[in-house]
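Before any comments, here is the structure.
The values are calculated or read from the model by the stated rules, or taken from the named source; none is laboratory data. Here the structure is a predicted model, which is why all the values come from computation and not from measurement. Neighbour counts are summed over all protein chains in view; Cβ atoms, including those assigned to glycine, are modelled from backbone coordinates with ideal geometry. Quick note on the areas: whole protein, heavy atoms, side chains included, nothing else; ligands and nucleic acids left out. Shrake-Rupley method; radii C 1.70, N 1.55, O 1.52, S 1.80 Å.
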Amino acid sequence: MKTGSAACIAASFGLAIGVQAKPDKANDLYLENCASCHGSSFEGGLGGNLADGIWKHGDTDAGIARVISHGLPDLSMPAFEKTLSGEQIRSLVVFLREKEKTTRTQASPPPQPKEGGVVKSSAHDYRIETVAGGGLKTPWSLAFLPDGSRLITERSGPLRLMDSDGKLLPEPIAGTPQVLELGQGGMLDVAASPDFANDGWIYLAFADPLDGEGEKKRGMLKIVRGRIRDHTWTDEEVIFQAAPDFYTTAGHHFGTRMIFDGGYLYFIVGERGGMLQAQDITRPNGKIYRVFPDGRIPEDNPFTGDKNAIPGIWSYGHRNPQGMTIDPRDHAIYATEHGPRGGDEFNRIRKGANYGWPVICYGMNYDGSPLNGGLTEKEGMEQPLLHWTPSIAACGLACYTGDKFPNWKYDFFAGGLRGELHRIRVQDGKVVADEVLFSGLGRIRDVRTGPDGFLYIVLNQPDRIVRLVPAE
Ligand code: HEC
């Protein structure tokens, strides 16, 4: 069963690029119903400017939707509840949020750091330092080893080693698994065992090719562990692999991230374009998993009592999370996930919980058409702690645990493929700050606290790894 709409699949490759050039149903709705009074460039007319970030009649999504539905009878803003559906109104709200963000970004763009220059932010001033420049091709993830060396994945397959002197070795590790390099697929996450000094295990998460040639190639996320000896991958063991039936030709939404906590390995499998399958616990896609580091399933996982369920599942209803981290203070798991057009999420991951995709979502389809009724909340489904509309294309998430930036301790740093690095503070289970630290350095793939206490960022276009160091 394929439930992803063709438009959704096609556009999910493009992300920021080219979205405006495609037919845009929300834009059409706006032009037909709103532009006569609010202006075709949102500049206002009889009605006010709808892109300036000033919402006189309520600035929440619900408030804006209410004005569109019921109108403002005293001010000659018509009510649209009879002519537009709830989902169309929801997509207009998403659309107006996009315009608002564009205006705001133009008026006060986030800092665009220059190498060596000091960047100011609310809690710390910092500089950007390049750690690895030339020689990397689409780096995806970074893992630190106890001896000071680092492993870096490149999406086309290679696993690279940067030695403890910071030198990127030209030859990748020999003998790592074959990957399916298709769309968003390839060699993705790398993680070292928490007990690496004793057990030597390295974990790799990647798009695994099943069979077929060219367009018939099918893939699915797979996780293996192995050791590196003499610059060669050895002792490989499979930790997670889906049954062949679940491999598909879709080149998108593999996920993923891996984290360790409390003797468990947690990892993400994206929904692979099978939107509704994210709700189905008998299917592997659209889920976050908890297993023992050797792949065995803990008996107290939430769905082990259900014969038909996949027992490794920890939470479900996920679209395509590509950031995951632990808050070491209370061992809570946090993940960021890509929404469609709007509706990227920052979630606290709880045992057995349903994160709602695609039943509830704050975004719309890439073509500006509404999504599944425009529902954003539902009983029994989790609300995100924060959602980004428009999307930041969330990728990479770290809870900062270092000592170099004391005022950032235990804040969350969320990257985005559109280039923004967000600093998020959570207090008493609520987001109390979401600050854009910078933009414009490239697509952010991964964010990590280094053992040296600096904040590391893996970037694409241009491909490199940088770190934030204090400027004080
Ligand atoms: C006949 C003219 C007219 C049309 C058509 C119209 N509006 Fe309005 N709209 C107004 C007026 C007038 C106001 C009130 C402006 C004010 O408060 O100064 C308003 C206010 C609003 C507000 C509240 C703005 C704020 O500052 O809080 C929103 C949101 C809005 N309109 C959205 C829409 C959308 C979306 C459409 C199309 C579906 C639309 N309007 C169509 C005239 C119109």
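Among residues of segment 119-135 that are polar (S, T, N, Q), those with a beta-carbon under 8 Å from a residue that is modelled with pLDDT under 95 at least six positions away or on a different chain give the pairs S121/P111; T130/E115. Touching a Pro at 6+ places or on another chain (Cβ under 9 Å) and acidic (D, E), is that true of E377? No; evaluated as a whole, the condition is false for this residue. Only one entry of I54, I64 meets the criterion of being within 11 Å of the ligand (Cβ to nearest atom) and at pLDDT below 95, and that entry is I54.
Candidates in segment 240-260 are the residues that are in a strand (DSSP E or B) and out of contact with any Pro (no Cβ under 8 Å at 6 or more places or on another chain); of these, the one that is surrounded by the most Cβ atoms within 10 Å (Cβ to Cβ) is M258. For segment 67-80, filtering for residues that are of a type outside the set (S, T, N, Q), more than 9 Å from the ligand (Cβ to nearest atom) and modelled with pLDDT of 95 or more leaves 2. Of the listed requirements (1) in contact with an Asp or Glu (Cβ under 8 Å, 6 or more places away or on another chain); (2) of a type in the set (A, V, I, L, M, F, W, C); (3) touching a residue at least 60 places away in the same chain (Cβ under 8 Å), I281 misses just one: (3). Is it true that I360 is out of contact with any helix residue (DSSP H, G or I) (no Cβ under 6 Å at 6 or more places or on another chain) and either within 19 Å of K101 (Cα to Cα) or not in a loop (DSSP other than H, G, I, E, B) (or both)? Criteria not met by I360. Of all residues in segment 190-239, those satisfying the criterion of being among the β-branched types (V, I, T) and either open to solvent by 20 Å² or more (accessible area, probe 1.4 Å) or assigned to a helix (DSSP H, G or I) (or both) are I228, T232, T234, V238. The residue pairs whose first member lies in segment 166-183 and is in the same structural domain as K137 (by TED's automatic domain parsing), whose second member is among the aromatic types (F, W, Y), and whose beta carbons are closer than 7 Å, counting only pairs six or more residues apart or on different chains, are I173/W233; A174/W233; G175/W233; T176/W233; P177/F206; V179/F206; G183/F13.
Every residue in segment 282-296 that is within 14 Å of I259 (Cα to Cα) and assigned to a strand (DSSP E or B), please. Within segment 282-296, I288, Y289, R290, V291 meet the criteria. Kindly indicate whether A174 is hydrophobic (A, V, I, L, M, F, W, C) and closer than 17 Å to E271 by Cα. Criteria not met by A174.
In segment 133-140 there is at least one residue that is modelled with pLDDT under 95, open to solvent by less than 50 Å² (accessible area, probe 1.4 Å) and either within 13 Å of the ligand (Cβ to nearest atom) or under 30 Å from P462 (Cβ atoms) (or both).
Which of (1) within 16 Å of L29 (Cβ to Cβ); (2) open to solvent by 60 Å² or more (accessible area, probe 1.4 Å); (3) of a type in the set (S, T, N, Q); (4) more than 9 Å from the ligand (Cβ to nearest atom) is the odd one out, the single condition T83 does not satisfy? Only one criterion in (1) within 16 Å of L29 (Cβ to Cβ); (2) open to solvent by 60 Å² or more (accessible area, probe 1.4 Å); (3) of a type in the set (S, T, N, Q); (4) more than 9 Å from the ligand (Cβ to nearest atom) is unmet by T83, namely (4).
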